[in-house]
Amino acid sequence: MTARIAVEAIGAEAQPIAIIDDFAPDPDALRRFAAAASFTPALNHYPGVRAALPAGYLAALLPVIAAAAAESFGRTGPITVIDASFSIVSTPAGALTIPQRLPHVDAFTPDRIALVHYLSPDDRDGTVFFRHRATGFETIDEARRDLFFRHLDTEMRYGGPPPPGYMRDDTPLFECIRAETARYNRALLYRSANLHSGAISPDARLSADPAAGRLTVTAFLSIG
């Protein structure tokens, strides 16, 4: 089945997002590979576990990624994989650190693109994007970085940290500006500078078992 690419916009800044359905030619094979993989606790504030991908996974999908990047971001240069892995959100809401309770960005430069590939047939917990109310920022680049984090530090110092739980709706500090529902074998491409979070529902199973949990591939790319 041929991948289908739709390009839409996020929020007032109209940052592009590519929604790619039927992304991988054999998602069931990816699930079988994940079922036998060795998952370990993730680094860099990811609230769950990660495992290595099969060799050649991204290489086989580079033509689709390149087409989506050109159409959505106007970037047609070489694609460098910064990091890529199977990822499963498995941390209980009450055990989240403060950074895990807030929307985040993955990088600050325009060449950096995030990819998430949903691989759970029955899970609809996708990805949600936010605007920071105090600054109005929906993306955080190098020029905005210091101002944003100064505002956030002040808000947390005087208002306290957010309560335990995954972010998926409006809060006093952040406004939800777009929510993308997960779908089996759907992938999203968006700029790493977008404020975003996994849209984890309150009744999510949060299982680290790839056969039962929210199995995704997360990748961070640099596209010239």
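Worth a mention:
- Looking across S222, S201, one residue alone is of a type in the set (S, T, Y), out of contact with any Cys (no Cβ under 7 Å at 6 or more places or on another chain) and surrounded by fewer than 15 Cβ atoms within 10 Å (Cβ to Cβ). It is S201.
- Residue match in segment 1-21 (condition: within 17 Å of A84 (Cα to Cα), hydrophobic (A, V, I, L, M, F, W, C) and buried (at least 19 other Cβ atoms within 10 Å of the Cβ)): no
Yes or no, residue by residue, for (1) on the phi > 0 side of the Ramachandran plot; (2) in contact with a Gly (Cβ under 6 Å, 6 or more places away or on another chain); (3) basic (K, R):
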| residue | (1), (2), (3) |
| --- | --- |
| P78 | no, yes, no |
| V81 | no, no, no |
| V89 | no, yes, no |
| T97 | no, no, no |
| D106 | no, no, no |
| I140 | no, no, no |
| R157 | no, no, yes |
| E180 | no, yes, no |
| L189 | no, no, no |
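- A211 fulfils the conditions (1) touching a helix residue (DSSP H, G or I) at 6+ places or on another chain (Cβ under 6 Å); (2) of a type outside the set (S, T, N, Q); (3) farther than 16 Å from D123 by Cα; (4) surrounded by fewer than 21 Cβ atoms within 10 Å (Cβ to Cβ) except for a single criterion, (3).
- Members of segment 110-158 found to be over 30 Å from R32 (Cβ atoms) and of a type in the set (A, V, I, L, M), listed by number: A134, I140, A143, L147, L152, M156
- Test for R112: is it under 27 Å from A12 (Cβ atoms) and over 18 Å from the mean Cα position of the chain (by Cα): no
- Y118 more than 16 Å from E13 (Cα to Cα), of a type outside the set (D, E, K, R) and in contact with a strand residue (DSSP E or B) (Cβ under 6 Å, 6 or more places away or on another chain): yes
- Among the residues listed as R133, R144, R186, the single one being out of contact with any helix residue (DSSP H, G or I) (no Cβ under 7 Å at 6 or more places or on another chain), within 28 Å of S85 (Cα to Cα), surrounded by 14 or more Cβ atoms within 10 Å (Cβ to Cβ) and basic (K, R): R186
- Any hit, segment 63-74, residues being surrounded by fewer than 13 Cβ atoms within 10 Å (Cβ to Cβ), closer than 19 Å to G224 by Cβ and not aliphatic (A, V, I, L, M): yes
- Qualifying residues in segment 48-69 (those that are in contact with a Phe, Trp or Tyr (Cβ under 8 Å, 6 or more places away or on another chain) and of a type outside the set (A, V, I, L, M, F, W, C)) - the one nearest to Q100 (Cα to Cα): R50
- Listing of strands (runs of 3 or more DSSP E) fully contained in segment 166-224 that carry 1 or more residues being among the acidic types (D, E): 174-180
Read-outs throughout are calculated quantities, based only on the coordinates presented, and are distinct from any laboratory measurement. Since this is a predicted model, take the numbers as computed values, not measurements. Reconstructed Cβ throughout: ideal geometry from the backbone, glycine too, with neighbour counts over all protein chains shown.
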